[in-house]
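J.: Have a look at this one before I ask anything.
We did not get these values from a lab; they are worked out from the coordinates using the rules stated. What you are looking at is a predicted structure, and each value in this text was computed from that prediction instead of being measured. All Cβ positions, glycine included, derive from the backbone under ideal geometry; neighbour counts span all protein chains shown.
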Amino acid sequence: MTLLTGYSFPNFGMAQMTTVPAWINTMMQVSTKAWNIAMTSQQVIAMRLSMIAVGGNTAKNRNEVERMVNEKMDAVGESTRVLMSLGNTMVQAWPTMFTDPKAAERMLNQAAKASDRALTPFSKRVNANQKRLSR
């Protein structure tokens, strides 16, 4: 049963997409990286909590907690710098995004790449911690 018999959707001047834009591929990589961070960080949290629970209040455990906090602060700082840079670029390019399809495509590509770079500090630290703590 067709509900929209004889209705044609407006094109709004958009050309038929024949290839997948680069930003879509980049965002797929970003989502995979985010998923990896989520899964690996759960393992790191479990290893750290069990180490702290079994070890008690030792200097090693206090150092691990300090390291954990410092790493998060550093990663947030690095990611913030990347996103602030992207924000600056977007403010400058904003007026052309609605009149130039190529400018809009460039902005989407830049946003996708910045998303990837913003997750990189967390990814590096989580993977390094998992490797270090699983020895």
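J.: The list (i) -0.29, -1.15, -1.22; (ii) -0.47, -1.16, -1.22; (iii) -0.25, -1.25, -1.36 gives values of log10 I(q)/I(0) by the Debye sum over Cα atoms at q = 0.09, 0.20, 0.21 Å⁻¹, and only one came from this structure; which label was calculated from it?
T.: Computing log10 I(q)/I(0) by the Debye sum over Cα atoms at q = 0.09, 0.20, 0.21 Å⁻¹ and matching it to (i) -0.29, -1.15, -1.22; (ii) -0.47, -1.16, -1.22; (iii) -0.25, -1.25, -1.36 gives (ii).
J.: Using Cα springs under 10 Å in a Gaussian network model of the chain, which residue among S115, S31, S50 shows the largest mean-square fluctuation?
T.: Of S115, S31, S50, the Gaussian network model singles out S50 as fluctuating most.
J.: Another one. Straight-line reach from K124: which lysines have Cα under 17 Å away, leaving out those fewer than 8 places along the same chain?
T.: Correct list for K124: K33, K72, K113.
J.: Right, next: Name all residues of the stretch 68-109 having a backbone nitrogen under 18 Å from the label point set 7 Å from the Cα of M47 along its Cα→Cβ direction, giving them as ranges.
T.: 68-72
J.: I'd like to compare 52-62, 102-112: which one has the highest average count of other Cβ atoms within 10 Å, and what's the full order after that? Show your work: numbers first, answer last.
T.: On the way: 52-62: 10.6, 102-112: 15.8.
The most tightly packed comes first, giving 102-112, 52-62.
J.: Can you list the HN-Hα couplings for the stretch 55-66, worked out from phi with the Karplus curve (6.51, -1.76, 1.60; θ = phi - 60°), rounded to whole Hz and with x for Gly and Pro?
T.: Values, residue by residue: x, x, 8, 9, 4, 4, 5, 4, 5, 5, 5, 4 Hz.
J.: Whole-Hz Karplus ³J(HN,Hα) for the stretch 102-118, in order, using 6.51 cos²θ - 1.76 cosθ + 1.60 and θ = phi - 60°, x for Gly and Pro?
T.: Here the 3J(HN,Hα) series is 5, 5, 4, 4, 4, 5, 5, 4, 5, 5, 5, 5, 5, 4, 5, 5, 5 Hz.
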